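A short write-up of the structure that comes next.
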Amino acid sequence: MAAVAPVSSFIPKKLRVGLFADSPLQPRWVVEAFAKVAASDFAEIVVMGTVGEAKSAGQPWLWKLYGALDRRLFRAGNPDEPLELTKYLTTKSPADAIPYLQHDLDVAFALDDFDDRVLDGVARYGVWRLHADGAREVVEGAPLTGSSLQVRLAPGAEPRLAYQSWSRTCPFSVARNRDPLLAKTSEFAWRALREAHRSGLAWLEQCKSLRGGAERRGASLAPILRNIVSRGFERAFQREQWFLAFRWNHSSQPIPPDLEGFTRIVPPADRTWADPFIVERGGRHFIFFEELPFAARKAHISVIEIGRDGRWSAPQRVLERDHHLSYPFMLEHDGRLYMIPETAQKGTVELHRCEEFPLRWRLEKVLLEGVRLVDATLHRGAERWWMFANGAAGASRVFDDELHLFHAENLLGEWRPHARNPVKSDARCARPAGRLYWRGGQLYRPAQICAPVYGAGLSINRVLRLTPQEYAERQVERVLPERGRGLLGLHTLNRAGGLTVVDAFTRRRRFA
């Protein structure tokens, strides 16, 4: 019998990428975006062409002055710092930028004001372009700032959205708005090329088609200055404060926007209480939550007991570290009670085990290390454990936009990242807001609405697909509190044993 040759696994070759710009100088965030592409194992930059000379900044002097003061005041970086396109890339530009066809390209990126029409037919997967502003949205008072990677597959075709994300607009600083926005957008080329390498042209052909474009208006400093003055007065005389609220025996009913039927637990004026999670023990109900004394500038985890008579105990401190703790996700497994508090400042996701309920806890295991993740939320599926958590791109301080998934075969085992991380990039419905739950045979994930303000409301999402290769969900409900009742937001929802608990925030006068 003839020997059977071993079957070798097919590894697709790297995508061949070309960069084409109208100037050898490009913003630092763009150069860093393609430095990451060049270091990937699925794409290589084989040609870079520039047509034109280095450009001097053409901003009016008033905007230049504002930009310098803005970055200094808000301690923002300068992602628009001009760098040579080849600074971090070893590939050299051709002698001229005309004979594109000889390079056998899969993807052609058009940068800055380069006329991408001359690239028609050059690359198998079309012409790609990054889109991000972040100044216009501040000037216009838009609650959301969008950024995207758009692809034009054929000459004259409408562009398609290969990647899109939405961030909450910072209304009083262009620098503070653009810094995290561009840090995130610099990841889009890497993410989209990874997917194109995996799924090919069919993936691009099913991407949403765009019609028309956003109208650009003249930029003015006046709206920004008004926002700064307004925010200054607001912070001088008022302070935001989160509080807890609960109700009994209506766990399956929607959350009313005015919290009618809920009992409010308001903390003292010098602190805030948020992120409540329920533990039921022997018919008794305990709420673990983040307690943040304003003077301490970092939070710890506390607990109160709530009775069916509507009374609650004084809070007791259960876990404190030299760094910030919040979002004490609680779970029971194999007869043991665990807590996963947010420890993003430490760069870890930690599992703590209860030694003596409810006050004594010890570190059981570091589940993930060297990560910046907030609000880790675990869910036990049929075949594996899942972890939902939000991350921030690069060194950004904004954690509201991007949902990451991890999975493990057992709780104390090895946790692996999802193949398509981040699985969602949208400040309106990404960040976890409590444990997942089943209703009517369907799995639901509560998420925070983080625009126009952090913790603006709740987004309830039905999970449609959850595998190591795919994730999909659909928003089915939004809970936005009624500002007329003094409620400005809510961002955590949990239920257990007939008890529903949420948090919400309002503003209190500083000098009452």
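Here are the numbers for this structure:
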read-out: Filter result for A504 (of a type in the set (A, V, I, L, M), surrounded by 22 or more Cβ atoms within 10 Å (Cβ to Cβ) and over 17 Å from F277 (Cα atoms)); value: no
read-out: Test set (1) of a type in the set (G, A, S); (2) crowded, with 19+ Cβ neighbours inside 10 Å; (3) farther than 23 Å from H491 by Cα - G394 fails condition number; value: (2)
read-out: Of all residues making up region 304-356, the number that are basic (K, R) and in contact with a Ser or Thr (Cβ under 6 Å, 6 or more places away or on another chain); value: 1
read-out: Pairs, first at positive phi in region 462-479, second surrounded by 16 or more Cβ atoms within 10 Å (Cβ to Cβ), C-beta under 8 Å, six or more apart; value: none
read-out: In region 58-87, the residues that are modelled with pLDDT under 75 and more than 27 Å from the chain's Cα centre (by Cα); value: G58, Q59, P60, W61, L62, W63, K64, L65, Y66, K87
read-out: Residue satisfying all of: in region 239-281; out of contact with any Pro (no Cβ under 9 Å at 6 or more places or on another chain) and on the phi > 0 side of the Ramachandran plot; surrounded by the most Cβ atoms within 10 Å (Cβ to Cβ) among these; value: G261
read-out: 3 or more residues crowded, with 22+ Cβ neighbours inside 10 Å: qualifying helices (runs of 4 or more DSSP H) within region 94-203; value: 174-185, 188-199
read-out: Subset tally (residues that are among the small types (G, A, S) and in contact with a His (Cβ under 6 Å, 6 or more places away or on another chain)) for region 364-400; value: 2
read-out: All strands (runs of 3 or more DSSP E) inside region 406-512 with 1 or more residues being out of contact with any Lys or Arg (no Cβ under 8 Å at 6 or more places or on another chain) and aliphatic (A, V, I, L, M); value: 457-466, 471-479, 493-496, 499-509
read-out: Test: G413 is surrounded by fewer than 17 Cβ atoms within 10 Å (Cβ to Cβ) and at positive phi; value: no
read-out: Test: residue in region 156-163 that is among the basic types (K, R) and out of contact with any helix residue (DSSP H, G or I) (no Cβ under 7 Å at 6 or more places or on another chain); value: no
read-out: Only listed residue being under 18 Å from E44 (Cα atoms) and touching a residue at least 24 places away in the same chain (Cβ under 8 Å), chosen from D116, D104; value: D104
read-out: Some residue of region 26-34 being outside any strand (DSSP E or B), at pLDDT 90 or above and more than 24 Å from R136 (Cβ to Cβ); value: yes
read-out: Boolean, R483 is assigned by TED's automatic domain parsing to the domain that holds G391, among the charged types (D, E, K, R) and free of Cβ contacts under 8 Å to residues at least 12 places away in the same chain; value: yes
read-out: Flag for P358 being assigned by TED's automatic domain parsing to the domain that holds F262 and under 30 Å from G394 (Cβ atoms); value: no
read-out: Among the candidates L351, L319, L337, residue that is in the same structural domain as A389 (by TED's automatic domain parsing), within 20 Å of P417 (Cα to Cα), among the hydrophobic types (A, V, I, L, M, F, W, C) and over 19 Å from the mean Cα position of the chain (by Cα); value: L351
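Listed here are the residues, each with its yes/no results for (1) more than 20 Å from the chain's Cα centre (by Cα); (2) surrounded by 17 or more Cβ atoms within 10 Å (Cβ to Cβ); (3) in the same structural domain as F172 (by TED's automatic domain parsing).
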{"position": "P417", "(1), (2), (3)": "no, no, no"}
{"position": "N421", "(1), (2), (3)": "no, no, no"}
{"position": "Y437", "(1), (2), (3)": "yes, yes, no"}
{"position": "A447", "(1), (2), (3)": "no, yes, no"}
{"position": "I460", "(1), (2), (3)": "no, yes, no"}
{"position": "A472", "(1), (2), (3)": "no, no, no"}
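The values are calculated or read from the model by the stated rules, or taken from the named source; none is laboratory data. The shown structure was predicted, so the numbers you read here are calculated from the model rather than taken from an experiment. Quick reminder, even Gly has a Cβ in these numbers, built from the backbone with ideal geometry, and neighbours come from all protein chains shown.
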